[in-house]
Amino acid sequence: MKILIAGATGNTGTRLMNELVSRGHDTVALVRESSDTSKLPVQAEQRMGDLADLQDGVCDGCDVVIFAAGSGGDTDAEMTDKIDHDGAIDLVDQAAKAGVSRFVMLSSVGAENPDPDTDMGHYLQAKHDADEHLKASGMTYAILRPVALTDDDGNGDMVFGDKVDPEAKAARGDVAKALADAAISAEWTGKTLLMQSV
């Protein structure tokens, strides 16, 4: 399959790109002019696009789209809105318009019921709104909500759903594997799952 990844040059996205290539899929990295593409697989296609201002047609020709981007933990509310809310929603709309068959959203623990009075409240509300927009899009979807991320590769041993400890950790390498599974496996269809590493 041809799979477009938003956030392909990030810590999770780079791992995801390599995971998909290792499984034999054609990958398309959505990159900005300022993106560091040095760690992307050499065989990956690069397509110019900025989540803060997406052009039409960015998803054309792709079977699956994965949103693995994020504004980052140190950005302000405006940038969170641009990337995690508006950018994600715009990408969902672009994918639907292009006839993409499946959309996978990297969300977050806490996005199911954001508490506005917490430090993460604004970010989680943005993720919640993007998730709900995807569910209403009519596309086949999967939503992954990992707990707090670490920069570890992980060992592929993961727990999903109700058994997840919200205070646990999720290795970015494991998150990449889970996103790759969600992109290709029918078992993920219509699922919204919490995830942690073991």
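The values are calculated or read from the model by the stated rules, or taken from the named source; none is laboratory data. Here the structure is a predicted model, which means the values were calculated and not measured. Glycine gets a Cβ as well: all are built from the backbone with ideal geometry, and neighbour counts include every protein chain shown. Note: areas computed on protein heavy atoms with side chains; ligands, DNA, RNA excluded. Shrake-Rupley method; radii C 1.70, N 1.55, O 1.52, S 1.80 Å.
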field: Surface per residue (accessible, 1.4 Å probe) for the chain, Å²
entry: 47 Å²
- request: Before anything else, pin down the relative contact order of the chain: Cα pairs under 8 Å, at least 6 apart, normalised by residue count, whole percent.
  value: 20 percent
field: Protection proxy ranking of 25-33, 47-55 - average other beta-carbon atoms within 10 Å, highest first
entry: 25-33, 47-55
- request: Return the long-range amide H neighbours of residue 71 (sequence gap of 5 or more, or a different chain), with a cut-off of under 5 Å between placed amide H atoms.
  value: 84
query: When the dipole is taken about the Cα centre of region 62-126, and only Lys, Arg (+1) and Asp, Glu (-1) are charged at their Cβ, what size is it in debye, to the nearest 20?
result: 460 debye
- request: Per residue of region 156-165, in order, report the coupling 6.51 cos²θ - 1.76 cosθ + 1.60 (Karplus, θ = phi - 60°) as ³J(HN,Hα) in whole Hz, putting x for Gly and Pro.
  value: x, 8, 10, 10, 10, x, 5, 7, 6, 8
query: Do any GluC sites (Glu not before Pro) in region 91-173 lie in a loop, going by DSSP, with at most 13 other beta-carbon atoms within 10 Å of their beta carbon, and if so which?
result: 167
task: Report the full-extension gain for the segment residue 46 to residue 113: residue separation times 0.36 nm, less the Cα-Cα distance, to one decimal in nm.
output: 20.6 nm
- prompt: Which label marks the calculated value of semi-axes √(5λ) of the Cα gyration tensor in Å, given the options (1) 35, 18, 14; (2) 22, 19, 17; (3) 27, 20, 17?
  reply: (2)
Point-to-point label distance, residue 101-residue 132, nm (Cα→Cβ direction, 7 Å offset): 3.1 nm
Extension gain (nm, one decimal) between residue 93 and residue 148, 0.36 nm per residue minus Cα-Cα: 17.0 nm
For the chain, with +1 on Lys and Arg beta carbons and -1 on Asp and Glu, the positive-most of 104, 186, 196 along the dipole: 186
- prompt: What share of the DSSP beta bridges in the chain is antiparallel, in percent to the nearest 5?
  reply: 10 percent
Which listed pairs, of 39/82; 39/169; 127/177; 2/163; 82/135, have C-alpha distances above 28 Å, in listed order: 2/163
message: Please report the carbon-and-sulfur percent of the accessible area for region 1-60; probe 1.4 Å, protein heavy atoms only, DNA, RNA and ligands left out.
response: 40 percent
statement: Once amide hydrogens are built 1.01 Å from N within the peptide plane, the residues lying 5 or more places from residue 194 or on another chain with amide H under 5 Å from its amide H are 145, 161
